[in-house]
Each structure stands twice: as structure tokens, then as C-alpha cells.
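K.L.:
Sharing a structure, written as C-alpha cells. Questions coming.
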Amino acid sequence: MKEINSAVVAIAALGALALSSCETPTGQGAGIGAATGAIIGAAATGDVEGAAIGAAIGAGTGALIGASIEADERGYYDGHPRSYYPLGRLTETPGLLRSPYPPHALVDVRGVPRGALVRDPATGRIFRRP
């Protein structure tokens, strides 16, 4: 019986990955979450019902995470596209930028990818890392 359940879970996981035709982060997150949830659900309970419940929970969670990633990539958290925000100014010190907003505070951007949105701690306004 366990051999059959493992085969069903493996087929479901591969099917979820192979049939995820959606190219958005939301769809990809749902597919990966469903596959992961099915594997964890089957391992935890040892039956198909647990795998199905795990797949449903994983798909929902993956879709939520994917939607937040998609919103972040588009830069719509504050209602504007990423190109709306000004660029920070480079300084002589690597990893530090000068904010484009007065009082032009220094902002530590080490570990922040290029092109990402950064919040100025002095003013709370957003600018882009060059």
C-alpha cells in the first residue's frame, strides 16, 4: 500500500511541475507549493488524503507568495512603477548611497540588488538603487 501511495504522490508532484503552464510567479508558486505540499502531506500521513490536503495548502501558500513576488517585481507596493522613483547617488564608499531627497542621508545598500527599491530612513521616501 505504501508503494502505491508513494507512486501516486510522485506522479502528482511531477504532473504539477510539468503542467504548470502559467509563466507568472503566482502560477509557478502555486505549482511548486502544490508539489511540495503533496510530498509533505503524504510523508506525514502516509495516505492519499493527506497528500491531497497538503497539495491544497501548498498551492494556496505558493500562490500568495508568488503574488507578493510579482507585485514586488512590478514595483506597485506604493502605487507606482519602478521607473517612477529617482536613483540614489553613488558615494566613494562601496555599499553606501546618498538619498536623492533632502537631507540626503547616507543609506547602507549592501546586499540590496541593483535596481531594487530602497526606503530612505530619514524621510521614508523610496528611491532606486543604481
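The values are calculated or read from the model by the stated rules, or taken from the named source; none is laboratory data. Worth saying up front: this structure is predicted, and the values here are computed from it rather than measured. Reconstructed Cβ throughout: ideal geometry from the backbone, glycine too, with neighbour counts over all protein chains shown. For the accessible areas, the whole protein counts, side chains as well, though only heavy atoms, and no ligand, DNA or RNA atoms are used. Shrake-Rupley method; radii C 1.70, N 1.55, O 1.52, S 1.80 Å.
K.L.:
Using the per-residue mean of other Cβ atoms lying within 10 Å as a proxy for protection, in what order, highest first, do the peptides 49-55, 116-122 fall?
P.N.:
The densest-packed peptide leads the list: 49-55, 116-122.
K.L.:
As a test of reading the structure, rank SER99, SER68, SER83 by solvent-accessible area (1.4 Å probe, protein chains only), most first.
P.N.:
Numbers: SER99 0, SER68 50, SER83 95 Å².
Largest to smallest exposure gives the sequence SER83, SER68, SER99.
K.L.:
A further question on this structure: Using a simple spin-label model with points 7 Å from Cα along the Cα→Cβ vector, what separation in nm is obtained for THR61 and ALA105?
P.N.:
Reported label-point gap for THR61 and ALA105 is 3.5 nm.
K.L.:
Report the full-extension gain for the segment LEU96 to VAL112: residue separation times 0.36 nm, less the Cα-Cα distance, to one decimal in nm.
P.N.:
The span from LEU96 to VAL112 would gain 4.7 nm if fully extended.
K.L.:
In addition: In sequence order, what are the phi-derived ³J(HN,Hα) couplings for the stretch 90-100 according to the Karplus relation 6.51 cos²θ - 1.76 cosθ + 1.60 with θ = phi - 60°, rounded to whole Hz, with x for glycine and proline?
P.N.:
These are the phi-based 3J(HN,Hα) values: 5, 10, 6, 8, x, x, 10, 10, 9, 5, x Hz.
K.L.:
Now, a different point. Can you check what the net charge comes to around ALA105, using other residues whose Cβ is under 14 Å from the Cβ of ALA105 (Lys, Arg +1; Asp, Glu -1)?
P.N.:
That works out to +2.
K.L.:
Where a ≥ b ≥ c are the square roots of the eigenvalues of the C-alpha gyration tensor, would you call the stretch 35-119 rounded, which needs a/c under 1.5, or, failing that, prolate if a/b is larger than b/c, or oblate?
P.N.:
Since a/c reaches 1.5 and a/b is larger than b/c, the shape of the stretch 35-119 is classed as prolate.
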